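Only the coordinates and a few stated rules stand behind these numbers; no lab work does. Computed from a predicted structure; not experimentally measured. Here the Cβ positions follow ideal geometry from the backbone for every residue, glycine too, while neighbour counts run over all protein chains shown.
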Amino acid sequence: MSTTLQPYLKAVRQTLTAAICLENFSSQVVERHNKPEVEVRTSKELLLTPVTISRNEKEKVLIEGSINSLRISIAIKQADEIEKILCHKFMRFMMMRAENFIVLRRKPVEGYDISFLITNFHTEQMYKHKVVDFIIHFMEEIDKEMSEMKLAVNSRARISAEEFLKRF
Amino acid sequence: MSKNTRNTAFRKVDVDQYGEEVYEEDQTADEGATGPSDAEVQSMLAKGRNGDALQYVLTNAPLTSKNQGVKDKAAQTVLKVLMSLKANEIEGSLKGLDQAKQDTLMKYIYRGFENPSEGSSAQLLVWHDKLFAVTGVGSIVRVLTDRKRV
């Protein structure tokens, strides 16, 4: 199972490197406005083919590109109820602080757990390969953090139950 | 005198569609493109000619067809062929492909990722890796930008 992790991340990295070629493009609909076309979606000619990369039925990444912006949505593996709750809370925590993340989207795309929005302004300010590195690193770390949190929850629950039941 | 001004239907007209530079998707649909024949592919796989089966399905890919059913059927056939090839045979079969077929194959790999089933994603990841080693980022860019969806 874990033998698919490295090829999965490699495929995501390669696709991201291809899709993250963005250039400045002002809105064709409203003058003097500059909007991320992947979010607005009014002009079909500016949108690229959306592409999915999946590791199994539960984990996948959706990459939607356009001329000036890129949206990456990640579905994280959630094996049981407690992981679902942990994932939801953790993602919510990060999405509330999306300003500080710069490339994070405040709401995930339907069907996924977390979404990133990268615009041409970001690629002008930051190195493209570093942004891609960040996303891949994020995907790797999420799984580790989730298992760590799950262990912490279980051990805390065990300790508090022990202390409580000592009274009886 | 002004009976015609009662009619306010003009307000509902979408004026944007009449603009000069409105983009229209290429309307020319090739009704003849029916995709690879399932029976043909089955017979090739049964004989063990996996490389030939791959060449056949990629040559007959219904790229210009507007019929979604035809495309879905072709995608399933290609997925079957991709699953049937073993890991060590993949490199050999990739050698015989020209650029157009490589791009079509990359499109089908991404199409296969959209409907993951038992073990399909793992095999597709191997395909993706091997094909990328041959083609580089170029084929992924062509998959993203080509209007002819698979």
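Tabulated results
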item	result
Largest-first principal axis extents of the Cα set of the range A:122-168 (Å)	64, 16, 7
For residues of B:137-147, the mean tally of beta carbons on other chains within 10 Å	5
Per principal axis, descending, Cα span of the range B:54-137 in whole Å	34, 30, 23
Shielding by other protein chains, B:104-113, mean Cβ within 10 Å	3
Set of lysines with alpha-carbon distance to B:LYS66 below 21 Å, sequence-local pairs under 8 removed	A:LYS44, B:LYS101, B:LYS107, B:LYS148
Exercise: per-residue mean of other protein chain Cβ atoms within 10 Å, B:18-24	2
Theoretical ellipticity at 222 nm over chain B - DSSP helices of four or more residues, -39500 (n - 2.57) apiece, nearest 500	-18000 deg cm²/dmol
For the range A:55-133: lysine pairs under 21 Å (alpha-carbon distance), excluding those fewer than 8 apart on one chain	12
Dimensionless Rg ratio for the range A:1-111, taking C-alpha atoms and the 2.2 N^0.38 Å reference	1.22
Principal-axis tilt of helix A:5-19 within chain A, Cα atoms, nearest 10 degrees	20 degrees
D_trans [Stokes-Einstein, Kirkwood Rh over alpha-carbon pairs] for the range A:24-66, 20 °C, 1.002 mPa s, µm² s⁻¹	179 µm²/s
Nearest 10 degrees, 0 to 90: helix B:68-84 Cα axis against chain B principal axis	20 degrees
Normalised convex hull volume, chain B, alpha-carbon set, Å³ per residue	164 Å³
Partners for A:LYS10 among aspartates and glutamates (Cα-Cα distance below 13 Å; same-chain residues under 8 apart left out)	A:ASP133, A:GLU140, B:ASP129
Bins of 20 Å from zero: percent of alpha-carbon pairs in the protein assembly as shown	26, 49, 20, 5, 0
